[in-house]
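This report concerns only the one structure given below.
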Amino acid sequence: MIKPLLLLALLSLSLAAPARAASVNFVTEEYPPFSYREGDTLKGASVEQVELLMQKAGIDMHIEIMPWTRAYAAAQATPMTCLFTTAHSPERDKLFKWVEPLLVDDNILVATASSGIRETDLDDTRRYVIGTHRGDYTEKLLKEKGYAKVDIASDFPSTLRKLMNGRIDLMPISEVYFEKLKVDQPLVRVATLSSQSLGIACEKSFPEDLRARMQQALDALIADGTQRAIFAKYGLHLQN
């Protein structure tokens with residue numbers, strides 16, 4: 001016969017197990033204004049969406065900022081791990097389970113106003129040195145589009161510093177973010193590189209019931225205008 005105290009302990013373990021299993025580890029990169037640190041606090045338009053949708057879905061979570069290549073590898077190899085904000089490209093489609101969109105956006109090539117480079121056809125930009133950061137989907141995209149002079153930095157802020165210091169000619173950037181950034185930085189739009197949906201990419205074994213709850217919660221944030229309000233809070237304005 002099972003003693004009452006032992007039975008209580010076994011019951012506690014059985015109840016606690018689902019709660020632990022339902023805790024999701026999110027990884028992201030330092031990419032203001034979508035995800036960044038302010039002191040010990042994580043902020044950003046994507047961070048707030050993730051926090052709100054997980055709260056709405058009733059799922060425990062944790063967010064960690066790390067270099068993009070490390071975050072991308074973790075989301076491929078570690079169960080119950082999701083990566084954001086991730087461009088949903090054809091190559092990545094079957095590598096992850098998806099919750100989207102956190103953002104639908106054009107990715108554009110920009111230059112500094114002092115460079116003298118002005119808006120032109122995409123073909124004309126191949127003669128310039130283009131900067132991006134390691135592991136970003138634009139690294140592969142630039143090579144596929146025939147760019148021979150691609151400078152790879154460790155992260156997005158490093159690429160932006162190189163552009164502002166004249167060490168590279170152009171860099172790809174979210175058009176939504178560009179509209180905010182150009183207010184304070186002397187940047188000009190040169191050409192549209194691609195259009196894409198960006199979202200949350202979860203490790204392939206991620207439970208489908210949790211993914212569906214997360215998608216339903218994100219859909220609700222979009223439908224009731226919360227997503228748009230979050231972007232406006234960070235000085236970002238959706239095109240549609």
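No value in this document is a laboratory result; all are computed from the given coordinates. Note that the structure is a prediction, hence the values are computed from the model and not measured. Cβ sites come from the backbone with ideal geometry, for glycine too, and all protein chains shown count toward neighbours.
Based on alpha-carbon atoms only, what is the radius of gyration of the chain relative to the globular estimate 2.2 N^0.38 Å?
Output field value: 1.16.
Return the equivalent ellipsoid semi-axes of region 71-119 as a descending list in whole Å, where each equals the square root of 5 times an eigenvalue of the C-alpha gyration tensor.
Values for region 71-119, descending: 32, 12, 10 Å.
Quick check on the chain: of the DSSP beta bridges with both residues there, what percent are antiparallel, nearest 5%?
Bridges in the chain that DSSP calls antiparallel: roughly 65 percent.
May I ask for the angle, rounded to the nearest 10°, between helix 68-77 and the longest principal axis of the chain, with both axes built from Cα atoms and the value confined to 0 to 90°?
Once rounded, the angle reads 40 degrees.
Would you calculate the separation in nanometres between label points at Glu38 and Ala113, each defined as 7 Å from the Cα along the Cα-to-beta-carbon direction?
Output for this residue pair reads 2.6 nm.
Return the distance in nm (one decimal) between the two label points of a simple spin-label model at Leu95 and Thr120, each offset 7 Å from Cα along Cα→Cβ.
Inter-label distance under the simple model: 3.1 nm.
Strictly over 28 Å apart at the Cα level, which of Lys140/Lys182; Lys180/Lys204; Lys97/Lys140; Lys140/Lys204 would you flag in this model?
Result: Lys180/Lys204 exceed 28 Å.
List, in order, the whole-Hz ³J(HN,Hα) value for each residue of region 212-225 obtained from phi through the Karplus relation with A = 6.51, B = -1.76, C = 1.60 and θ = phi - 60°; use x for Gly and Pro.
5, 5, 5, 5, 4, 5, 5, 4, 5, 5, 6, 5, 8, x
Which far-off residues, 5 or more places away or on another chain, put their amide H under 5 Å from the one on Ser194, with H placed in the peptide plane?
Here the answer is Asn107, since their amide H atoms fall under 5 Å of that of Ser194.
Could you give the size of the charge dipole of region 105-196 about its Cα centre, using +1 on the Cβ of each K and R and -1 on the Cβ of each D and E, expressed in debye and rounded to the nearest 20?
Using Cβ point charges on Lys, Arg, Asp and Glu, region 105-196 gives about 360 debye.
Using 1/(1 + (r/R0)^6) with R0 = 30 angstrom and r between the beta carbons of Val129 and Asp184, what's the FRET efficiency to the nearest 0.05?
Taking R0 as 30 Å, the efficiency between Val129 and Asp184 is 0.80.
Rounded to whole Å and ordered largest first, report the semi-axes of the equivalent ellipsoid of region 105-196 derived from its Cα gyration tensor (root of 5λ).
17, 14, 14
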